[in-house]
Structures are given as structure tokens and as C-alpha cells.
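Q: Before we start, here is the structure in question, set down as C-alpha cells.
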Amino acid sequence: VLVAEMLVQNETGTIYPVRDLARLARARSPRALLHVDAVQALGKVEIDVAELGCDTLAVSAHKVHGPQGAGALFVRAGTALLPLVHGGGQEGGLRSGTENVAAIVGFGVAARIAEEERARSTEKIVELRARLVRGLSELPGARVLEPGAPTLVPHVVAVVLPGVPSEVRMHHLEELGVVVSAGSACQSAKSAQSPSLLALGLSPEEVRSLLRVSLARTTTIEEVERALAAFAEVGARLAKVQR
């Protein structure tokens, strides 16, 4: 009936072969609809709905420095959907209610800028990632995940730092002005561990100590160096407490 797939995995940055998955799904069930979550992909890889072969595709403004709370849904012509909100009939009858015009316009501008700068910013982020990965790899016991390389976006770096739960290290880093996340925001309210990370072969203990570092087109080499210094300082702090 429905196949839902990410284009870019939000915890590791792996680019999924959505086009091939679409063909396999339709070979099994020609009437199935294919939905693609391209939120993490926007501004990082080319998004061609015809090439992907999807029926619907979702993106979000905040991933390209646009207004939070604005999003867009591509719906292929002829795809029948039930309304999310009934009422005035806005958004083609699918989502009634007054549109946030300012956020929509802001999203459009942000998406255009992201696409115009995609090649240049990606080249810069590749260099920043190399420095970040090298520095993180030098931390005691650190393991940087590189699943699916070279089919990775350089904007996401996942690192396992054993010894303490990721939330503990995350809060220490935040005190030093470095904001990272403990895996996916989609999992933040759930007690269960990420099935994607477990499927990669990580142990439950490793999943509990994983941090995700994100790089943007506005990130500088100075910020990467500051982050690495903070990681080293927090590691030293926690090592003293554990002794």
C-alpha cells in the first residue's frame, strides 16, 4: 500500500538508493505509493522527483536556514490523498487553515539560496568534515561512523565516545558553547534505541554513547577547532570523574 523511505539518513548521513528501492517496491506491488522524506537531503544533494520515482516527497525549511515550522509536500499529479485538516479548503483541500505566508516566502528564498550555493558549500564542508573526523578520531576510544561511504553527505558526523551516556557529554559540551545531538530528533522523546544504529551492528552501549555533529554552509574552520577543543576538554573532565 505504502512505502516510506528517507533520501538521506539523518543520524549517519548515508544517501539511500531511493530510485532502486522504488523499482523494487513497484515490481512487488505496482499500486503501492512511495513517500520520500527528503528533509535531511534538501540543500545537500540534488532532488529530482522524476528520477526518484516517488509519489510524494517532504522537505522542511529549517534544514536550509529557513523559518522553522515551514515545510513543503510534493504530490505527483493524480495521487489521491485524504485531507489532514478539514475546513476552508486551503492547500488544495489537504490542509485547511490560514497559510503562514511569510514563512512560505522565506522557505522559498532559503531553498533557492541553498540550491545556488550547494556545490560550493559542499566542497567547503568536505574539508571541514575531514578536519572534524581527524580530530574526533584522536579522542580516547572514539569511533567515527562511516557507513555506506562514499554515498554519504559530508554534513553529518556520527561518533561513538564510550564511557558515559551521550546526554551527559552533550550537556558538558553545551556549557562550552558546542551544540550537538544524541542521535535523531525523531527519537528524542522515545526510550527505545535507534533501530537504524542497531542495524549497523552497534551494541546498545555504543548507541547510548553516540553523538551527532552537524555542519552547515555557515560553519567555519575556527568553529570546528573550537568544537574539537571542547570535546577534548569534556573528555578530560569526565575521565577525572570516572577515576
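Q: Yes or no: GLY69 loosely packed, with under 13 Cβ neighbours inside 10 Å, touching a residue at least 12 places away in the same chain (Cβ under 8 Å) and either out of contact with any Leu (no Cβ under 7 Å at 6 or more places or on another chain) or assigned to a loop (DSSP other than H, G, I, E, B) (or both)?
A: Yes.
Q: So, GLU127, is that one closer than 30 Å to ALA77 by Cα and either out of contact with any His (no Cβ under 9 Å at 6 or more places or on another chain) or open to solvent by 70 Å² or more (accessible area, probe 1.4 Å) (or both) or not?
A: Considered against the rule, which asks whether it is closer than 30 Å to ALA77 by Cα and either out of contact with any His (no Cβ under 9 Å at 6 or more places or on another chain) or open to solvent by 70 Å² or more (accessible area, probe 1.4 Å) (or both), GLU127 comes out as no.
Q: Follow-up. Just to be sure before I move on: is SER166 of a type in the set (S, T, N, Q), open to solvent by 30 Å² or more (accessible area, probe 1.4 Å), farther than 25 Å from VAL18 by Cβ and modelled with pLDDT of 90 or more in the structure I sent?
A: no
Q: Now a separate question. Which count do you get for residues in the stretch 84-114 that are closer than 30 Å to THR218 by Cβ, assigned to a loop (DSSP other than H, G, I, E, B) and open to solvent by 90 Å² or more (accessible area, probe 1.4 Å)?
A: 1
Q: Could you grab me the full set of residues in the stretch 132-148 that are more than 20 Å from the chain's Cα centre (by Cα) and either over 24 Å from VAL234 (Cβ atoms) or open to solvent by 50 Å² or more (accessible area, probe 1.4 Å) (or both)?
A: Within the stretch 132-148, ARG134, SER137, GLU138, PRO140, GLY141 qualify.
Q: For the stretch 210-224, give me the residue count where each residue is assigned to a strand (DSSP E or B) and within 20 Å of ARG118 (Cα to Cα).
A: Final tally of qualifying residues: 2.
Q: Here is a follow-up. Taking the stretch 11-45, which residues are closer than 13 Å to LYS63 by Cβ, of a type outside the set (Asp, Glu) and surrounded by fewer than 23 Cβ atoms within 10 Å (Cβ to Cβ)?
A: Hits for the stretch 11-45 are VAL39, VAL45.
The values are calculated or read from the model by the stated rules, or taken from the named source; none is laboratory data. Note that the coordinates shown come from a computational prediction; the quantities given were computed from them, not determined experimentally. Here the Cβ is made from the backbone with ideal geometry for all residues, glycine too, and neighbour counts use every protein chain on show. These accessible areas exclude ligands, DNA and RNA; they are computed on the full protein's heavy atoms, side chains included. Shrake-Rupley method; radii C 1.70, N 1.55, O 1.52, S 1.80 Å.
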